[in-house]
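Note sheet for the following structure.
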Amino acid sequence: MKDISHCKIIHIKREASDKGSLSVLESEESIPFDIKRIYYTYDIPSNALRGGHSHIKQHEVVIAVSGSFEIVLDNGKEKESIFLNNPAKGLHIIPGIWRELRNFSTGSVVLVFASDVYTEDDYIRNYNKFLETI
């Protein structure tokens, strides 16, 4: 069973000036793995549930680049809720943790950096199957 405490908030370096803020993310520097895929979701209804899966091998860093939302992490024994609302913070989610995203504010944009390309075989999308695998 994976320990939820291994899912950590990553503080992203922010350069602020009177022209705005700039944050830079780099593989194996600010992101603790080699980035193979980047995707983002937006136009998300406030009552939507996203995620609802676990990965077998893939690591992810999730960032609220706009707005806010909640991520519920679940290892089959315990759950923890993380609120993201700052583009200078990301959540590193390790393999073997079930995740659900919910409570989206208007205008939320969810940015995800993944350690691998999309492979359906890496997903566990059924919660009961997830519980069996742990």
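The values are calculated or read from the model by the stated rules, or taken from the named source; none is laboratory data. Keep in mind the model is a prediction, meaning the values are calculated, not measured. Cβ placement follows ideal geometry from the backbone for every residue including glycine, while neighbour counts extend to all protein chains displayed. Calculation scope for accessible area: heavy atoms of the full protein, side chains included, ligands and nucleic acids excluded. Shrake-Rupley method; radii C 1.70, N 1.55, O 1.52, S 1.80 Å.
Overview of results
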| read-out | value |
| --- | --- |
| Computed over region 2-134: relative contact order in percent, which uses C-alpha pairs under 8 Å that are six or more apart | 35 |
| Shape of region 1-74, Cα gyration tensor, a/c cut at 1.5 | oblate |
| Accessible surface of region 1-48 [probe 1.4 Å, protein heavy atoms]: carbon and sulfur percent | 47 |
| GluC sites (Glu not before Pro) within region 8-40: DSSP coil, no more than 10 neighbouring Cβ in 10 Å | GLU26, GLU28, GLU29 |
| Whichever lysines have a C-alpha closer than 16 Å to that of LYS36, once near sequence neighbours (fewer than 8 apart) are set aside | LYS57 |
| Calculated FRET value between SER23 and ARG125, using beta carbons and R₀ = 35 Å, to 0.05 | 0.65 |
| Neighbour-limited loop hits for chymotrypsin sites (Phe, Trp or Tyr not before Pro), region 87-132 (at most 14 other Cβ within 10 Å; DSSP other than H, G, I, E, B) | TYR118 |
| Residue-count net charge about ASP116 - beta-carbon cut-off 10 Å; Lys, Arg +1, Asp, Glu -1 | 0 |
| Loop-located trypsin sites (Lys or Arg not before Pro) in region 42-134 whose Cβ has at most 14 other Cβ within 10 Å (DSSP) | LYS57, LYS77, ARG125 |
| From the coordinates shown, Cα extents along the principal axes in Å corresponds to which of [x] 41, 33, 28; [y] 45, 35, 27; [z] 53, 34, 26 | [z] |
| Per residue value of the accessible surface for the chain (all protein chains in place, 1.4 Å probe), Å² | 59 |
| Additional length obtainable on full extension of the chain from ASP3 to ILE56, 0.36 nm per residue less Cα span | 17.6 nm |
